[in-house]
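Step one of this worksheet: look at the structure below.
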Amino acid sequence: MLSYAFKRLAQSIPTLFIVITISFFLMRLAPGGPFDGERKLPPEIEANILAAYNLDKPLYWQFFDYLGGILQGDFGPSFKYKDFTVSDLIWAGFPVSLELGMWAMLLGVVFGVSIGCYAALKQNTRLDYLMMGGAMAGIAIPNFVMAPILTLVFGVYLSWLPVGGWDSGAVANKVLPVIALALPQIAYIARMTRGSMIEVMGSHFIRTARAKGLSERKVVRRHALKSALLPVVSYLGPATAGIITGSVVIEQIFGIPGIGRYFVQAALNRDYTLVMGTVVFYGALIILFNLVVDLIYGLLDPQIRYDD
Amino acid sequence: MKKKHRRNTLKNMLLTVLSVLSLGLASISGAQTLHRGIGGEPGTLDPNLVSGNWEDMVVGDLFLGLVTDAADGRVIPGAATDWTVSDDGTVYTFHLRKDGKWSDGQPVTAHDFVFSLRRVMDPQTASTYAYILYPIKNAEAINTGKIRDLSQLGVRAIDDYTLEITLESSTPYFLELLTHYTAFPIPKHVVERYGKDWVKPGHLVSNGAYKLVEWLPQTHIKAVKNEWFYDADHVAIDTVFYYPTEDRSAALKRFRAGELDLNYEFPIDQYDWLRENMPEETVVSPQLGVYYYPLNLRNPKFQDVRVRKALSMAINREVITDKILKTGEVPAYSFVPPGIGDYRIQELDFKGMPYNKRLEDARKLMEAAGYSEDRPLELVLRYNTHDAHKKVAVAVAAMWKAIHVKTQLLNSEVAVHYAELKEANFEVARAGWVGDYADPQNFLSLLEPTPNNYGGYNNAQFNALMKQAAETQDSTQRTRLMEQAERIAMDDYATIPIYYYVATNLVSQKVKGWVPNVLDKHRTRWMSIER
């Protein structure tokens, strides 16, 4: 299993290289540059700025220069946030996004799986309909609607919780954003768990388990749950990578200093180095989490083997 | 009656005691803290590199130029107590205050100013706004690499407290220019020690009313009163938090919850609600800025003055400001906004006409130019993606339809939009200009052969008047010359002014000393919090 993991990690290098190459050149194909703004700069000033950021060099030179930088762990200076390097920005924001994302994912798994299982076992009862209706609403209501509602109710009207800000990570400031992030996850996971649980409960090995005279509780916990969770686990990999890299919507609405906003803003600002930094970072996380998922799969499903 | 009176006296006494006590407590606990939403995350706090007004809100609190902005935006002495100007207007001699100190206690000297101005102009610094100081002798040549020796810049320290600035030619708005952040001093001793990293919290020292304590990107910037500031006794607010409130709706909620005391801008679509529910805190004030549609005059379609006039005439600016935008914007009939000293704005000749008559005349002009319902003028109108720009563009297209113009709308995100304008790759486009300093030249130069002259207007007579104005010492005469120049541009229908900008701010009732002004500059040192 260890050699399998290493092999996968080795394979990720060419993948990342392709990701970097494609995004680097796509980014440059987009019209407009990092220093195009409301005001046209005198050509000499523009030349000064381009020279300061090496943007006056040929594109291939810039590409290899960038690759060389990455190999040394240097993602370059941000073009927009001039006082910071891309690494500064990512390392300042990532812990925040990571923390919020982990809490949201934890809530998502705990509540999602519980609700999903419960609904599956009470299939086609009123309770099932109620919970699945709720889940459907959770999926349908986007978080740019949910988040302002939460802040309006709990922050402005009731004044129980702060409306925004991070306040160095005070618990009160985390509550609303975590809930806003978790709600759609709970909904997705609940629906997914219910679906696969219903399927598993109808399969042969469950009938066998029942025939052995096990109690329903043991049947569900020992046998059904493990298999029912497989699709949830494969969803969790990319979803976790997505959620811990932050959400531009949640971060803007709650004024949270995570890295989610950079994905969108950097692209709009043509902040080339920051775009590349976030892409490489996100790409690496996706690869990592997919690997983790595959390894967990092996623990849950005895049919999977990690040999060549 | 008597009894009641006595009770009132008692009550008054109690109240007095209480208020004295609370004042005492306030001064003991020391804390006046201001929470300011500044509308965006600063890219840098290096005054030489700053390029946006949201950055200026922080940098302008930290640093103090030779002259500075009063609460109402007037130019008042800053790091210099007084100055003299040579008779030909080209040599300014500033006397710096002897009690001017950096926040580490070091004196602010003329050498710091020399150092800063040379650094701004050094091409390697790559300062975006360096060109604003091109009136200084040799500044342009140095910034464009024609002169390599920085000491050739027309700025020198006569002694520690006397600074002499020599200009290329007389520049009557030079003092206004010096309030701009590019002209702020930077601490030579600190920059030489830390290089680029001098702006990091812990290194940065400043000579203004505040000093930097902390900068958590996307969270806040924290500054506290600079105890070395010469006028520190009159600075009421001890701590300022600046928040990068990009999301205006979220900022409004934080304001309502009392988490922000000030916010730059508010969500325009909630203006009606704001006016209804918090009229005292919703402040809309005239701003020195114009929203306009440059016509690409290189395009043969706009060679005919009748077409240019008709396009401008057919736009019902009142409908745009009163029915579409509804945030207090003022219809614009001139390119220079009102409110600059004694300058008399030059308005388009059809201003007084009733709109129906204007529309009719415009249609006739178009017909005379050879267009008709069957043979309309086809135009592409570009705007950068934004709700308000879109609304205006749609409205203008509809108004033009009545005069045989078929308008195609084309939107792109802001970086692309301006890249295209720069390449003159447009027919009609949306543009805006907010004044850097209160002088008509700042606007009229957009119609001279300068980089920001998107439409490429080039009128010899206009250029000559502007040149003459630049060389004129007498401020009244200079103003008259610029008025004449604007008159020519207006009669040429060189560009289409649509409305003058307004500044929109949320200002808490407890903040005192915040005064609306046309440059929308509000330095924290003039404010206080009333409990």
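The values are calculated or read from the model by the stated rules, or taken from the named source; none is laboratory data. Fair warning: this is a prediction, and the values are worked out from it, not measured in the lab. Note that we place each Cβ from the backbone using ideal geometry, even for glycine, and neighbour counts take in every protein chain shown. SASA here: full protein model, heavy atoms, side chains in, ligands and nucleic acids out. Shrake-Rupley method; radii C 1.70, N 1.55, O 1.52, S 1.80 Å.
For the protein assembly as shown, adding -39500 (n - 2.57) for each run of n ≥ 4 DSSP H residues and dividing by the number of residues yields -14500 deg cm²/dmol at 222 nm.
A Gaussian network model of chain A, with springs between Cα atoms under 10 Å, assigns the largest mean-square fluctuation among A:F289, A:F24, A:F154 to A:F154. For chain B, what log10 I(q)/I(0) values come out of the Debye formula at q = 0.07, 0.08, 0.10, 0.11 1/Å, with one point per alpha carbon and no solvent? For the requested q values the scattering log ratios are -0.46, -0.59, -0.89, -1.05. With a Cα cut-off of under 20 Å and a minimum spacing of 8 residues unless on different chains, the lysine pairs in region B:315-460 number 14.
Tell me the relative contact order for region B:196-340 as a rounded percent, counting alpha carbon contacts under 8 Å between residues six or more apart.
Worked out over region B:196-340, it gives 12 percent.
For region A:122-177, carbon and sulfur atoms together expose 68% of the accessible surface, with a 1.4 angstrom probe and every protein chain in place.
The lysine pair tally for region A:1-124, using Cα distances under 30 Å and a gap of 8 or more places or different chains, is 5. Calculated from the alpha-carbon coordinates, region B:406-531 shows an Rg and a Dmax of 19.0, 59 Å respectively.
Among complete DSSP H helices in chain A, those whose alpha-carbon atoms stretch at least 24 Å along the helix's long axis and whose mean Kyte-Doolittle hydropathy reaches 1.6 are A:272-300. Counting, for every residue in B:246-257, the Cβ atoms of other protein chains within 10 Å of its Cβ and taking the mean gives 6. Across chain A, Cα pairs under 8 Å and at least six residues apart give a relative contact order of 27 percent.
Per residue, the average separation of C-alpha pairs within less than 8 Å and at least 6 apart gives region B:55-94 a relative contact order of 27 percent. Between the exposed loop cleavage positions of chain A, defined as trypsin sites (Lys or Arg not before Pro) in a non-H, G, I, E, B DSSP state with at most 10 neighbouring beta-carbon atoms within 10 angstrom, the longest gap is A:1-211. For region A:89-254, the solvent-accessible area works out to 48 Å² per residue, with a probe of 1.4 Å and every protein chain left in place. Compute the Kirkwood hydrodynamic radius of region B:43-160, taking the inverse of the mean of 1/r over all pairs of distinct Cα atoms, and give it in Å to one decimal. Hydrodynamic radius (Kirkwood, Cα only) of region B:43-160 equals 15.4 Å.
For region B:163-250, take the alpha-carbon Rg, divide it by the Kirkwood Rh, and send me Rg/Rh.
1.05
Over chain B, accessible surface divided per residue gives 41 Å², non-protein components excluded, 1.4 Å probe. Counting only the Cα atoms, the protein assembly as shown fills a convex hull of 253 Å³ per residue.
Of the beta bridges in chain B, as assigned by DSSP with both residues counted there, near 75 percent are antiparallel. Take the solvent-accessible surface of the protein heavy atoms, probe 1.4 Å, and return the percent of it on chain B that carbon and sulfur atoms account for. Carbon and sulfur together cover 51 percent of it.
Using a Debye calculation, one point per C-alpha and no hydration shell, please list log10 I(q)/I(0) for region A:89-254 at q = 0.13, 0.15, 0.16 Å⁻¹ in order. The Debye formula, applied to the Cα set alone, gives -0.69, -0.84, -0.92.
Interface area, chains A and B: about 3900 Å² of buried accessible surface, summed, with a 1.4 Å probe and ligands, DNA and RNA left out. Using a 1.4 angstrom probe on protein heavy atoms only, which residues from region B:174-207 are buried by at least 40 Å² of accessible area when all chains are present rather than their own chain alone? Those are B:K200, which lose 40 Å² or more relative to the chain on its own. Taken over region A:3-59, the alpha-carbon convex hull comes to 108 cubic angstrom per residue.
Each listed q (0.09, 0.10, 0.21 Å⁻¹) maps to a log10 I(q)/I(0) for region A:159-300 from the Debye sum over equal C-alpha point scatterers, namely -0.44, -0.52, -1.21.
Once the cut-off is 34 Å, how many percent of the Cα-Cα pairs in chain A end up in the long-distance tail?
Here the long-distance tail beyond 34 Å is 39 percent of all Cα pairs in chain A.
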